[in-house]
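K.L.:
Right, I'll just put the structure down here and ask away after.
The values are calculated or read from the model by the stated rules, or taken from the named source; none is laboratory data. If you're wondering where the values come from, they're calculated on a predicted model, not measured in any experiment. Note that we place each Cβ from the backbone using ideal geometry, even for glycine, and neighbour counts take in every protein chain shown.
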Amino acid sequence: MFDVARIREDFPILKRQVNGKPLVYLDNAATSQTPQQVIDAIVDYYSRYNANIHRGVHTLSQEATEAYEAARVKIQKHFNAAKAHEIILTSGTTHGINLVAQGFTDLLHPGEEIWVSALEHHSNIVPWQMLCERSGTRLRVIPMNETGELELEGFLKELSPKTRLVFCNHVSNALGTVNPIEKIISAAHQVGAAVLIDGAQAAPHIKADMQALDVDFYTVSAHKLCGPTGAGALYGKEAWLEKLPPYQGGGEMIAEVTFEKTTYAGLPHKFEAGTPNICGGIAFGAALDYLNAIGMDRIAAYEHELLAYATEKLLAIPGLRIYGEAAQKTSVISFNLEGAHPYDVGTILDKLGIAVRTGHHCAQPVMDFYRIPGTVRASFSFYNTRQEVDTLVAGVGRARQMLL
Amino acid sequence: MEQNGIAAIQEEIVEEFSLFDDWMQRYEYMIELGKSLPKIEEQYKTDDHLIKGCQSKVWVHAELVDGRLVFTADSDAIITKGIIAILIRAFSNQKPADIIAAKTDFIDQIGLKEHLSPTRANGLVSMIRQLKLYAVAFEAQLES
C-alpha cells in the first residue's frame, strides 16, 4: 500500500498554515517540496565537509569531491546513462538547453533546419530562436491539436537531411501531455538529426532510460525532483559531448593553460567551468535516493490515480474546462472557469491556503492556440491526497460563487 | 485640505472596508466596486494604455478636465478591476499635483497589503505608478 500519510511526515513544509488555512500545495510542476532527508543532506554538507572540489589535497576537499562525484553516478544510474561522464551537472534545465544551443552554433549552416514542438516552455523556444539567428538556420514547429497532443504527420513527412536538430519536451509543463518522444527520436535519427529532450516536467513522474530512448541530449532540474533549486543535469551522448565546444571558460574546465593556448579538460569537466553548486549536486543525489526508495513506479501509479480522481471531481463543476486531455498525461490539470479570469480564481484559492499556478506558464504559444490569456494549473505530487483534491474542488466552487 | 481631497476619500474607503470581518467579504465588496468602475472607452483599450507587470490586463486612460485629472480604466480580471476601481476613486477628479503628492498607505489599511508587494502578479504597484506617471506628465503640461 502507498502510505501517503507516512510520506507526508517527511515534508516539514506541508505542516504550514497559509492565510490561516492548512497549506494545500498544488504547484508541484513549478517546484516540488523538499523532504527532510534532502534537507539533512544539505545541512550535513555545510556542517561537516564544505570545501571546494577536485583539486584540494586536504581531507574535506576529498570528501566533498567524492560526494559530488557519487551524486553524478546516482544521476547516471537513475537515468541509465552508459557512462558517468555523460552526465553534466548544471544549474538546471535552462542551463542544459543553453549549453547545447550554444555548442551547436558553429556546427550548423544557413539553410539547415531546427524543429521544436508547439508545446514548448519558453526556455525551449528562445535559445533555439537565438541559435537560428546566429547560424542562419530555420526554426520549424511541430503543431499541436485541440486535445493538447502533437501532430507528427507533417513533421515526419518534412524531415530531411537538412534537419539537424529536434527539440521537444518529454512532458508539457502547461498541459501535462506526455509526448511521443520515442517516435520523434527514431524519426530524427533516420535523417541524421540530433534530438534534445527537455525532461524537466517528465522526470518527477517518469524514469527515463537514456540508453533505451537512444536520445542524444536529455535535461532535468533537481528542484522538480524534491531536490534544491539551482541544480540539475544534462545527459549527452559521449560522441556529441566530445564534438561540442565548451560552453563557458574558467577554472575546472581546463587541462593546461598558457597564454598561447589552452587545452580543455575531458568530459564532464569541459562543461563544468568554475566552482559548481557542490551542495546542490550532492542534494540532487540525495533526492534521487529518496524517490527511488519509494519507487518511481509506485509514485507514478499513485499520481495517476490522483489525476483521475481530480479530473472527475473538477469536471463536475459547471462551466469548468480542462485544457490538455491527451490520452497520456502526468498529474497536471490546466483549467479555466467559464467567465472567470485565471488570475481571479488563483487569488481566491490562495486565500484558502491552496497554492496553484496561474498565467501562461511560460508557454504563450500554447495559450495562443487555445485563444486564452492563461489557465489555472493544479499539479499533483505523490505527497498530495484525495482530501486535498476535495479542498481544491471546494475552493474552485467558492471562487465560482464569488466571481460569477 | 479641501473637502473631497484624496486623503478624505481614502479615509472613506478605509471606513467602508472596516465594516467587514473577513477576507471574503472584503473581496466581495471589491468585486462590487469593480462593477462601478468608470469604464475606459473601447478606442483606448490599446497596448499604449496597458499597464505592464500585471498577470491580468489593465488599461488606464487619463484626461485633463478643468485642471483635474479624470481616469477611466478596465481589466479582464474581476479582482483587478476592483483594485483599479478603488485607486481611481481615490485619485480621479484631482489636481495632478495632489495626485503626485498623495500617500497610498490606505491600501494597507483596507486589508490588501499582500497586493502591495512588488512581486505580486496583479501589479498593484504598477497601477499606482502608472496613475502617478500620468499626473507627472499632465503636471508638466500645465506648467509649460
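K.L.:
Which number in (1) assigned to a helix (DSSP H, G or I); (2) buried (at least 21 other Cβ atoms within 10 Å of the Cβ); (3) of a type in the set (F, W, Y) marks the one condition that A:W240 misses?
P.N.:
(2)
Conditions tested, residue by residue: (1) part of a loop (DSSP other than H, G, I, E, B); (2) within 23 Å of B:Q25 (Cα to Cα); (3) in contact with a strand residue (DSSP E or B) (Cβ under 8 Å, 6 or more places away or on another chain); (4) modelled with pLDDT under 85.
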position: B:A85; (1), (2), (3), (4): no, yes, yes, no
position: B:D98; (1), (2), (3), (4): no, no, no, no
position: B:E114; (1), (2), (3), (4): no, yes, no, yes
position: B:A121; (1), (2), (3), (4): yes, yes, yes, yes
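K.L.:
Of all the residues that make up the range A:357-382, how many are within 14 Å of chain B (Cβ to nearest Cβ) and either small (G, A, S) or more than 25 Å from B:E28 (Cβ to Cβ) (or both)?
P.N.:
10
K.L.:
Just to verify a result, which residue in the range B:56-80, among those that are acidic (D, E) and assigned to a strand (DSSP E or B), is farthest from the other protein chains (Cβ to nearest Cβ)?
P.N.:
B:E63
K.L.:
For A:T137, work out the one condition from (1) closer than 22 Å to A:D368 by Cβ; (2) buried (at least 21 other Cβ atoms within 10 Å of the Cβ); (3) among the hydroxyl-bearing types (S, T, Y) it doesn't fulfil.
P.N.:
(1)
K.L.:
Restricting attention to the range A:359-388, which residues are farther than 27 Å from A:I7 by Cβ and crowded, with 23+ Cβ neighbours inside 10 Å?
P.N.:
Correct list: A:A363, A:V366, A:G374, A:T375.
K.L.:
So, in the range A:197-226, of the ones that are under 17 Å from A:N173 (Cα atoms) and free of Cβ contacts under 8 Å to residues at least 40 places away in the same chain, which residue ends up farthest from the chain's Cα centre (by Cα)?
P.N.:
My answer is A:I197.
K.L.:
When both residues are 6+ apart or on different chains and their Cβ atoms are under 7 Å apart, which pairs have a first residue that lies in the range A:54-75 and is not assigned by TED's automatic domain parsing to the domain that holds A:M210, and a second that is loosely packed, with under 14 Cβ neighbours inside 10 Å?
P.N.:
Note: no pairs meet the criteria.
Every residue, every condition in (1) hydrophobic (A, V, I, L, M, F, W, C); (2) touching a residue at least 24 places away in the same chain (Cβ under 8 Å); (3) in a strand (DSSP E or B); (4) at negative phi, yes or no:
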{"site": "A:G250", "(1), (2), (3), (4)": "no, yes, no, no"}
{"site": "A:P276", "(1), (2), (3), (4)": "no, yes, no, yes"}
{"site": "A:I282", "(1), (2), (3), (4)": "yes, yes, no, yes"}
{"site": "A:D289", "(1), (2), (3), (4)": "no, yes, no, yes"}
{"site": "A:A300", "(1), (2), (3), (4)": "yes, yes, no, yes"}
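K.L.:
Can you list residue pairs whose Cβ atoms sit under 7 Å apart, with the first residue in the range A:308-334 being free of Cβ contacts under 8 Å to residues at least 24 places away in the same chain and charged (D, E, K, R) and the second being outside any helix (DSSP H, G or I) and crowded, with 16+ Cβ neighbours inside 10 Å? Count only pairs 6 or more apart in sequence or on different chains.
P.N.:
Matching pairs, first to second residue: A:R321/A:F335; A:R321/A:N336.
K.L.:
From the list B:T104, B:T46, which one is closer than 30 Å to A:R357 by Cα, among the polar types (S, T, N, Q) and surrounded by 14 or more Cβ atoms within 10 Å (Cβ to Cβ)?
P.N.:
Of the residues listed, the single one that is closer than 30 Å to A:R357 by Cα, among the polar types (S, T, N, Q) and surrounded by 14 or more Cβ atoms within 10 Å (Cβ to Cβ) is B:T104.
K.L.:
Still on this structure, I have one more. How about the range A:69-112: which of its residues are buried (at least 20 other Cβ atoms within 10 Å of the Cβ) and touching a Cys at 6+ places or on another chain (Cβ under 9 Å)?
P.N.:
None; the set is empty.
K.L.:
Just checking, does the range A:248-266 include any residue being under 21 Å from A:T94 (Cα atoms), touching a helix residue (DSSP H, G or I) at 6+ places or on another chain (Cβ under 9 Å), assigned by TED's automatic domain parsing to the domain that holds A:H109 and hydroxyl-bearing (S, T, Y)?
P.N.:
For the range A:248-266, residues under 21 Å from A:T94 (Cα atoms), touching a helix residue (DSSP H, G or I) at 6+ places or on another chain (Cβ under 9 Å), assigned by TED's automatic domain parsing to the domain that holds A:H109 and hydroxyl-bearing (S, T, Y): absent.
K.L.:
Would you mention how many residues in the range A:315-356 are within 14 Å of chain B (Cβ to nearest Cβ), surrounded by fewer than 23 Cβ atoms within 10 Å (Cβ to Cβ) and under 25 Å from the mean Cα position of the chain (by Cα)?
P.N.:
Residues meeting the conditions: 3.
K.L.:
Of all residues in the range A:181-212, which are outside any loop (DSSP other than H, G, I, E, B) and in contact with a His (Cβ under 9 Å, 6 or more places away or on another chain)?
P.N.:
Hits for the range A:181-212 are A:I181, A:V195, A:I197, A:D198.
K.L.:
Mind listing whichever residues of the range B:1-30 are within 14 Å of chain A (Cβ to nearest Cβ) and either of a type in the set (S, T, Y) or over 14 Å from the mean Cα position of the chain (by Cα) (or both)?
P.N.:
Correct list: B:F20, B:D21, B:D22, B:W23, B:M24, B:Q25, B:R26, B:Y27, B:E28, B:Y29.
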